[in-house]
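Here, each number is a calculation from the coordinates, and none is a lab measurement. Values in this document were obtained by computation on a predicted structure and should not be read as measured data. Here the Cβ positions follow ideal geometry from the backbone for every residue, glycine too, while neighbour counts run over all protein chains shown.
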Amino acid sequence: MNDASRVIEVNGLSLIFPTSDGDVHALQDIDLTINRGDFVSFIGPSGCGKTTLLRVIADLEQATGGSIEVNGMSPEEARLARAYGYVFQAASLYPWRTIASNVALPLEIMGLKAEEIRSRVEQNLALVELAGFGKKYPWQLSGGMQQRASIARALAVEPDLLLMDEPFGALDEIVRDHLNEQLLKLWAKTNKTVVFVTHSIPEAVFLSNRIVVMSPRPGRIHEIIDSDLPVERDLSIRETQSFLQLANRVRDGLRAGHGYDEVS
C-alpha cells in the first residue's frame with residue numbers, strides 16, 4: 001500500500017537508450033523517495049541523467065528497469081490524471097496567444113467552463129506576480145516574466161507536484177536570484193511538492209530542503225543531502241556559514257562523483 005506522504009517512490013530504476021553505436025546507460029540503480037511538500041533539487045554534471053530522471057517521473061521517458069510510482073500510480077496514470085505540472089527550460093509560450101490565453105490553454109483542453117478558466121488564470125497570474133499582464137503577448141514580456149507565465153500555466157491545472165527542468169538557467173544572475181526568491185515564496189504559499197533540476201550549487205542549496213547529487217553516466221545518485229537551513233530565507237542567507245558549509249558539502253559530493261568541473 002502506498003504511504004500517503006510519499007509523492008514519488010523510485011526503486012532500482014534504470015534506463016537504457018539503444019543507439020547505432022551501442023546502448024547508452026542513462027540511469028542505473030536509482031532509489032529515491034520524495035515526500036509531500038518536499039523541495040528536491042537534482043544536481044550534477046551535464047549528461048548525468050538528472051533531466052532524464054525528471055522526464056521519467058513525467059512519463060516523457062519510460063524506464064527499462066526497476067519501478068516508479070507517482071502519487072501511488074504509474075507515471076502514465078499520473079500524467080493522464082494531471083497529477084503534475086511541468087516547467088521546461090524555455091517558457092514555450094505560443095506567441096500568437098496572450099499571456100492569459102497561454103495560461104488557459106491546458107484548461108481549455110481539459111474542457112473546463114469559461115468562468116472556471118477565467119478564475120484560475122487570474123488566480124495563478126496573481127500568484128506569480130503577473131496580475132495585469134494577461135492581455136500582453138509573450139514578446140512584450142521579459143524572459144523572466146515569460147518563465148513566470150510558464151509557471152502559472154503549470155499551476156493552473158492545480159497539480160500537487162511541480163516538475164521544473166532548469167527553468168532559470170538561461171536568465172541573467174540578477175533575474176535568476178529574484179525568481180529564486182519568488183519561487184520559494186510560491187512554494188511556501190502553495191505547499192506543492194517541487195522537483196527541480198539545476199547545474200547551480202547556490203541555486204540548489206538556496207531553494208531545496210533536500211539535494212540529490214548525481215554522478216556522471218550511467219547516472220546514479222551519489223548522495224542525498226538534507227538541508228538544515230530555515231524554511232523562511234532570503235538571498236542574504238547565502239553569506240552565512242551554514243549556507244557555505246552546505247554548499248561545500250554539495251561541492252564535495254560532486255567532486256567525489258567525478259563531475260565537479262562542469263558544475264558552477
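Springs between Cα atoms under 10 Å define the GNM used for the chain, and in it the highest mean-square fluctuation of 21, 252, 177 occurs at 21. For region 144-189, the ratio of Cα radius of gyration to the globular rule of thumb 2.2 N^0.38 Å stands at 1.12.
With N set to the number of residues, divide the alpha-carbon radius of gyration of region 42-175 by 2.2 N^0.38 Å and report two decimals.
Numbers: Rg = 15.8 Å, N = 134, 2.2 N^0.38 = 14.1 Å.
Against the empirical 2.2 N^0.38 Å value, I get 1.11 for region 42-175.
Phi angles across region 216-228 convert, under the Karplus curve 6.51 cos²θ - 1.76 cosθ + 1.60 with θ = phi - 60°, into 3J(HN,Hα) values of x, 3, x, x, 10, 8, 7, 6, 10, 10, 8, 8, 10 Hz, Gly and Pro given as x.
Here residue 50 is the anchor, and the lysines within straight C-alpha reach of less than 21 Å, apart from those fewer than 8 places off in the same chain, are 192. Could you work out [θ]222 nm for the chain from helices alone, using -39500 (n - 2.57) per DSSP H run of at least four and dividing by all its residues? Round to the nearest 500 deg cm²/dmol. Helices in the chain give a 222 nm mean residue ellipticity of -11000 deg cm²/dmol. A cut-off of 5 Å between modelled amide H atoms, ignoring neighbours fewer than 5 places along the same chain, links residue 6 with 36. Across the chain, C-alpha contacts under 8 Å between residues 6 or more apart give a mean separation that, scaled by the residue count, equals a relative contact order of 26 percent. Simple point charges give the picture: +1 on the Cβ of Lys and Arg, -1 on the Cβ of Asp and Glu, and for region 129-264 a dipole about the Cα centre of about 340 debye. Within the listed set 145, 110, 164, the residue fluctuating most in the Gaussian network model of the chain (springs between alpha-carbon atoms under 10 angstrom) is 110.
For region 68-84, 3J(HN,Hα) computed residue by residue from phi via the Karplus equation (6.51, -1.76, 1.60; θ = phi - 60°) reads 8, 10, 10, 6, x, 10, 5, x, 5, 5, 5, 5, 5, 8, 6, 7, 9 Hz, glycine and proline entered as x.
For region 205-249, the Kirkwood radius over C-alpha pairs fed into Stokes-Einstein at 20 °C and 1.002 mPa s yields D = 186 µm² per second.
Within a Cβ distance under 12 Å of residue 244, other residues only, what is the Lys/Arg minus Asp/Glu net charge?
On the way: positive: 238, 249, 251; negative: 239.
Local net charge: +2.
Multiplying the residue separation of residue 245 and residue 199 by 0.36 nm and removing their Cα-Cα distance gives an extension gain of 14.7 nm.
Rg then Dmax, both in Å and based on the Cα atoms of region 1-115: 16.7, 54. For residue 235 and residue 97, a Förster radius of 30 Å and the Cβ-Cβ distance give a FRET efficiency of 0.35, rounded to the nearest 0.05. Look at where the Cα atoms of region 50-90 and of region 113-186 average out, and the two centres are 21 Å apart.
Could you compute how fast region 143-252 diffuses translationally, taking Rh as the Kirkwood radius over C-alpha pairs and applying Stokes-Einstein at 37 °C with viscosity 0.692 mPa s? Give it in µm² per second. Numbers along the way, then the final one.
Working: Rh = 14.8 Å.
For the chosen part, D equals 221 µm²/s.
Spin-label model, residue 60 to residue 108: label points 7 Å out along the Cα-to-beta-carbon direction sit 2.2 nm apart. I want to verify a result. In a Gaussian network model of the chain, Cα cutoff 10 Å, which of these has the top mean-square fluctuation: 174, 224, 68? In the Gaussian network model the winner is 174.
Computed log10 I(q)/I(0) for the chain at 0.14, 0.16, 0.17 Å⁻¹: -0.99, -1.26, -1.38, from the Debye equation with unit scatterers placed on every C-alpha and solvent omitted.
Among DSSP beta bridges lying fully in the chain, give the percent that are antiparallel, nearest 5. Before the final figure, lay out the partial values.
On the way: 20 of 39 bridges.
The antiparallel proportion sits near 50 percent.
For region 91-143, the calculated P(r) over all alpha carbon pairs, in 10 Å bins from 0 to the bin holding the longest distance, is 27, 57, 16, 0 percent.
A Stokes-Einstein calculation at 10 °C with viscosity 1.306 mPa s, built on the Kirkwood radius of region 1-60 over Cα pairs, returns a diffusion coefficient of 122 µm²/s.
What helices does the chain have that are whole DSSP H segments, at least 15 Å long along their own axis by Cα, and with mean Kyte-Doolittle hydropathy of 1.0 or more?
Numbers: long enough: 99-110 (18 Å, 1.41); 114-127 (20 Å, -0.53); 143-156 (20 Å, -0.01); 173-190 (25 Å, -0.49); 241-256 (22 Å, -0.42).
Length and hydropathy pass: 99-110.
The calculated FRET efficiency for the pair residue 252 and residue 82, based on their C-beta separation and a Förster distance of 30 Å, comes to about 0.15.
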